[in-house]
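Structure first, then comments.
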Amino acid sequence: MKKAKVVVIEDTALTLSIILKKLGGMGYDTLGFLSCEDFFPKFPSLGADIVLLDIELPGMSGLNALKKIKEKQQALPVIIITGHGTVERAVEAMKAGAYDFFTKPIDFTKLGVAVKNAVNQYILIREISEIKTKYERSRMGNIIGASPPMQTLYQIIKNVSMSKATVFITGESGTGKELVALAIHGEGPRKNKPFIPLNCAALPKDLMESELFGHEKGAFTGATARKIGCCELADGGTLLLDEICDMEYGLQAKLLRFLQQQKFLRVGGEKFIEVNVRIIAATNKDPLEEIKSGGLREDLYYRLNVVPIHVPPLRERREDIPLLAMSFLKSMSEKNNKKFSRFSPDAIKILVACRWPGNVRELENTIERVVVLNDGAEITEKMLPGKMARQEGTAEFSGVPAKKEIIPLSIMEKDMIRKAVDICNGDLKEAAGRLGIGQATIYRKIKKYGLGK
Ligand SMILES: Nc1ncnc2c1ncn2[C@@H]1O[C@H](COP(=O)(O)OP(=O)(O)OP(=O)(O)O)[C@@H](O)[C@H]1O
Ligand SMILES: [Mg+2]
């Protein structure tokens, strides 16, 4: 295990070396500073688990130093060391958040116990907050959702946001691909630079090329002035190439060249322009199918697909529906001057059961429509669109597949495992036996489908 790190700030070199030696002997990784002026510039990168601070320092007072440490890392424990006759100040320090205080000459046995307890407590606090951010996130940027698939998504966004790696986002229409792209941009070091979304399906080839790379004055009829393209506008920031499979095939080759060289020519230009752009591509189509049918260049796909991210459809994360619905209800009520603040239990049940082929966008639109067309404080079942009322055989509901609907095996499997575990009252061994699969397999699948929580 990694040793805990104790940082000591003490202006008397001899005292400092004694403290460091004693703590080093107790198994800590130690580091000493003779003044706050030396300490603070290094503080953010030290990774300290505890600070021992002499309160009578030249320069910045110990008390101010304590406050400054607490401002930056509130939970980091600080133990105050004082000379004789400065107990009042030590009391003040305790009020300002010090963990404990010791008067000189230091009783190292007692100090050892205090350091150990403080460090253990701090490590625990840190672990809890890490677990919280890992498992209890209910949003990131504008993305809302607390389900296991969303937690995985947040983790990937967090990891990938720090790098410049190209990201390829897939997922059905309305699942939130653009929000994911925006979160990758917003979580990383480029967040204060431009985020430029470009819909690759919106324009014919020639116009798209100039949209992407810009053009020089006179490059073609109608080019009356120089135009700066999205690649240049996004310099330092992020360019989202949305609906990438719809980009014209020839232009895809030019895009690939740009990705490889990080430079391009404006249409009609002769000078290469170099930019530093992070590329994110997105599509609601299946890229491999598109390659087969000739819509997407294979070489471009492999260049873009450095980090693939798949945004799952809403029906695979139904536990997010109440959270999303409440959030949309609040924003739509405010926007439309309505007083809605809740759903009836039946209304929520219907929303959760619906298949939402248009995913979050459809949910958002549905709630907006209901809010606009009704009044009151509570959304009831009756206010929901007629097609959502529970009719047997409707394709809108899961568990009641329409005659022609095909349900993916993975969803059936997940449902079956959930049911089996329910019937066996949580006894996984029995559930595995009755499903006719091994125990290792049921554990693996429970983990895969996020059924363990
Ligand atoms: N997890 C979410 N939390 C909150 N709002 C969401 C979420 N996912 C999607 N939305 C909302 O749903 C709408 C559609 O999202 P977005 O445009 O990102 O989808 P998309 O996957 O890019 O769809 P398309 O493939 O059709 O372009 C937007 O209004 C967005 O704000
Ligand atoms: Mg989109």
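Taken together, the values in this text are just the output of simple stated rules run on the coordinates, not laboratory data. All of these numbers come straight from a predicted model, not from anything done at the bench. Cβ sites come from the backbone with ideal geometry, for glycine too, and all protein chains shown count toward neighbours.
Run the dipole for region 1-157 about the Cα centre, Lys and Arg Cβ at +1, Asp and Glu Cβ at -1, nothing else charged, and hand back the magnitude in debye, nearest 20. Display every interim value, and only then the final one.
Values: 20 positive and 16 negative charges, 111 e Å.
Rounded to the nearest 20 debye, it is 540 debye.
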**Fill in**
Row for the chain, column shape: gyration tensor on C-alpha, a ≥ b ≥ c, rounded if a/c < 1.5 i.e. under 1.5, prolate if a/b over b/c, else oblate; value oblate
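Once fully extended, how much extra length lies between residue 71 and residue 372, figured as 0.36 nm per residue of separation less the alpha-carbon to alpha-carbon distance? Walk me through the intermediate numbers first.
Numbers: separation 301, 0.36 × 301 = 108.36 nm, distance 4.60 nm.
Separation in residues times 0.36 nm, less the Cα-Cα distance, equals 103.8 nm.
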**Prompt:** Any idea how far apart residue 448 and residue 410 come out in nm if each label point goes 7 Å out from Cα toward Cβ?
**Reply:** 0.9
**Message:** How would region 409-448 be classified by its alpha-carbon gyration tensor: rounded, prolate or oblate, with rounded meaning a/c under 1.5 and the a/b versus b/c comparison settling the rest?
**Reply:** oblate
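Among the listed pairs 5/164; 191/271; 42/72, give every one whose C-alpha distance is greater than 21 Å. Before the final figure, lay out each step's value.
Details: 5/164 32 Å; 191/271 29 Å; 42/72 13 Å.
Flagged as over cut-off: 5/164; 191/271.
Which residues make up the longest stretch of the chain clear of chymotrypsin sites (Phe, Trp or Tyr not before Pro) that lie in a DSSP loop with no more than 14 other Cβ atoms within 10 Å, not counting the sites?
Details: sites that count: 220, 272.
Within the chain, the longest run free of exposed chymotrypsin sites (Phe, Trp or Tyr not before Pro) spans 1-219.
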**Item:** Those trypsin sites (Lys or Arg not before Pro) in region 216-267 that DSSP places in a loop and that have at most 15 other beta carbons within 10 Å
**Value:** 217, 226
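Of all beta bridges DSSP finds with both residues in region 1-124, what is the antiparallel percent, to the nearest 5?
So the antiparallel bridges amount to about 0 percent of the total.
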**Request:** Set Lys and Arg Cβ to +1 and Asp and Glu Cβ to -1, take the dipole of region 13-79 about its Cα centre, and tell me which of 26, 60, 76 lies farthest positive.
**Result:** 76
**Fill in**
Placing each pseudo-label 7 Å from Cα in the direction of the beta carbon, residue 439 and residue 106 end up separated by a distance in nanometres of 5.1
**Prompt:** With r defined as the distance between the Cβ atoms of residue 235 and residue 12 and R0 fixed at 60 Å, what FRET efficiency is calculated, to the nearest 0.05?
**Reply:** 0.65
**Fill in**
Per the helix-only model, the chain has a calculated mean residue ellipticity at 222 nm (DSSP H runs of ≥4, -39500 (n - 2.57) each, divided over all residues, rounded to the nearest 500) of -14000 deg cm²/dmol
**Prompt:** In degrees between 0 and 90, to the nearest 10, how far off the longest principal axis of the chain does helix 108-135 point, with axes built from Cα atoms?
**Reply:** 10
**Asked** Angle, helix 177-187 long axis vs. longest principal axis of the chain, Cα atoms, 0 to 90°, nearest 10?
**Response** 20
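To the nearest 20 Debye, how big is the dipole of the chain about its Cα centre, given +1 on the beta carbon of each Lys and Arg and -1 on that of each Asp and Glu? It would help to have the intermediate numbers written out before the result.
Working: 67 positive and 55 negative charges, 114 e Å.
Approximately 540 debye in magnitude.
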**Request:** Could you work out how far helix 321-335 tilts from the main Cα principal axis of the chain, as a 0 to 90 degree angle to the nearest 10?
**Result:** 80
**Beta bridges per DSSP with both ends in the chain, % antiparallel, nearest 5** = 15
